[in-house]
1. Pairs please, first residue from segment 96-119 and among the β-branched types (Val, Ile, Thr), second anywhere and assigned to a helix (DSSP H, G or I), Cβ atoms under 6 Å, 6+ apart in sequence or on different chains.
2. Kindly evaluate Asp152 against the criterion of being touching a helix residue (DSSP H, G or I) at 6+ places or on another chain (Cβ under 9 Å), on the phi < 0 side of the Ramachandran plot and open to solvent by 10 Å² or more (accessible area, probe 1.4 Å).
3. Do we have Ala185 as surrounded by 15 or more Cβ atoms within 10 Å (Cβ to Cβ) and either among the polar types (S, T, N, Q) or under 20 Å from Gly79 (Cα atoms) (or both) here?
4. In segment 262-317, what count of residues is obtained for those that are modelled with pLDDT of 80 or more and not small (Gly, Ala, Ser)?
5. Filter segment 1-49 for residues that are among the aliphatic types (A, V, I, L, M) and without any contact (Cβ under 8 Å) to a residue 40 or more places away in the chain; which is nearest to Arg68 (Cα to Cα)?
6. Against the condition part of a loop (DSSP other than H, G, I, E, B) and not small (Gly, Ala, Ser), how does Tyr114 come out, does it pass?
7. How many residues are polar (S, T, N, Q) and open to solvent by less than 40 Å² (accessible area, probe 1.4 Å) if we restrict to segment 249-296?
8. Could you tell me whether segment 92-107 includes any residue that is open to solvent by 70 Å² or more (accessible area, probe 1.4 Å) and out of contact with any helix residue (DSSP H, G or I) (no Cβ under 9 Å at 6 or more places or on another chain)?
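The values are calculated or read from the model by the stated rules, or taken from the named source; none is laboratory data. Values in this document were obtained by computation on a predicted structure and should not be read as measured data. Cβ placement follows ideal geometry from the backbone for every residue including glycine, while neighbour counts extend to all protein chains displayed. The protein model used for the area step is the full one, side chains on, heavy atoms only, and it has no ligands, DNA or RNA in it. Shrake-Rupley method; radii C 1.70, N 1.55, O 1.52, S 1.80 Å.
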Amino acid sequence: MDISVIVPLYNEAESLPELAAWIERVMTANKFSYEIWFVNDGSTDNSWQVIESLREKNPCIKGVKFRRNYGKSPALYVGFERAEGDVVITMDADLQDSPDEIPELYRMITVEGYDLVSGWKKKRYDPLSKTIPTKLFNATARKVSGIKNLHDFNCGLKAYKREVVKNIEVYGDMHRYIPYLAKNAGYGKIGEKAVHHQARKYGKTKFGLDRFVNGYLDLITLWFFSRFGVKPMHFFGLLGSLMFVLGFIAVVFVGANKLYCLYSGLPYRLVTDSPYFYLALTAMILGTQLFLAGFLGELISRNASERNSYQIETEIK
């Protein structure tokens, strides 16, 4: 099979017939063998009934229905599990992503050899309240991930080699960082294509401003796990040791200063009267706790089942 199209959706019943017909038209014109996975993320409208009716007309259409709303990442994860095409395309169900981009995305994967190609909505039809935070978010994501050539990490329109989606785990709200997940899994040939962005035709957006706050928190989490996920002592141990040493030096300095004043006949005060003593003691305690956190993290990491799970590209026997 050439292409698997995965469409996560939540309350998009009005747009589904038009989207399905559009995808079918593109696939037929380019003679692609394909499947379309509509993943219904707990919709409260009649989206599932629409999917069932579309399936009766086109056997290439398939569907998954969640009992409740879990989010976009779980929907993509389930779609990735079921995808059988050589190239996997993801797109949103709101008709803002154009299926006409599919042939070129397919070519970039199969001919140019990209592992992943992300869409870039260069000209957006969104309000400033959405576009400005998006630019700041993407700038931060480029800096942290090291993927300098991507302008729009969160674009729903992406293309993947099949092996990429089978070797990454999308969870929580990590769909925003699939390129970063792919890079961490060893798939570093990541490209970008400027794609046509259309104004929303039906309904309203399902995402609020809280996604930007959550997005930054998820980015920090992903960065930490990519750097220290299997070696937490390198972070907590180093930071804890540094704090403990600084605190210890400060305690020694406070004590030495009192002894100097005592033997020189200069006025002195009790060590416990100095605020620096308590600051130093606090630093030593925090340093010890951080070191122990790293030690416990190492114990957990060493007992994790995936501690020796590596991405092997090829093997000669």
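1. Partner pairs satisfying both residue conditions: Ile102/Val26; Val117/Leu105; Val117/Met108.
2. no
3. In short, yes.
4. Counting residues in segment 262-317 that are modelled with pLDDT of 80 or more and not small (Gly, Ala, Ser) gives 18.
5. Of all residues in segment 1-49, those among the aliphatic types (A, V, I, L, M) come to 1, 3, 5-7, 9, 13, 16, 19-21, 23, 26-27, 29, 36, 39.
Keeping just the survivors that are without any contact (Cβ under 8 Å) to a residue 40 or more places away in the chain gives 13, 21, 29, 36.
On the way: Ala13: 16, Ala21: 27, Ala29: 36, Ile36: 21 Å.
In this case the residue turns out to be Ala13.
6. Numbers: part of a loop (DSSP other than H, G, I, E, B): yes; not small (Gly, Ala, Ser): yes.
Considered against the rule, which asks whether it is part of a loop (DSSP other than H, G, I, E, B) and not small (Gly, Ala, Ser), Tyr114 comes out as yes.
7. Total satisfying the criteria: 1.
8. Within segment 92-107, one or more residues are open to solvent by 70 Å² or more (accessible area, probe 1.4 Å) and out of contact with any helix residue (DSSP H, G or I) (no Cβ under 9 Å at 6 or more places or on another chain).
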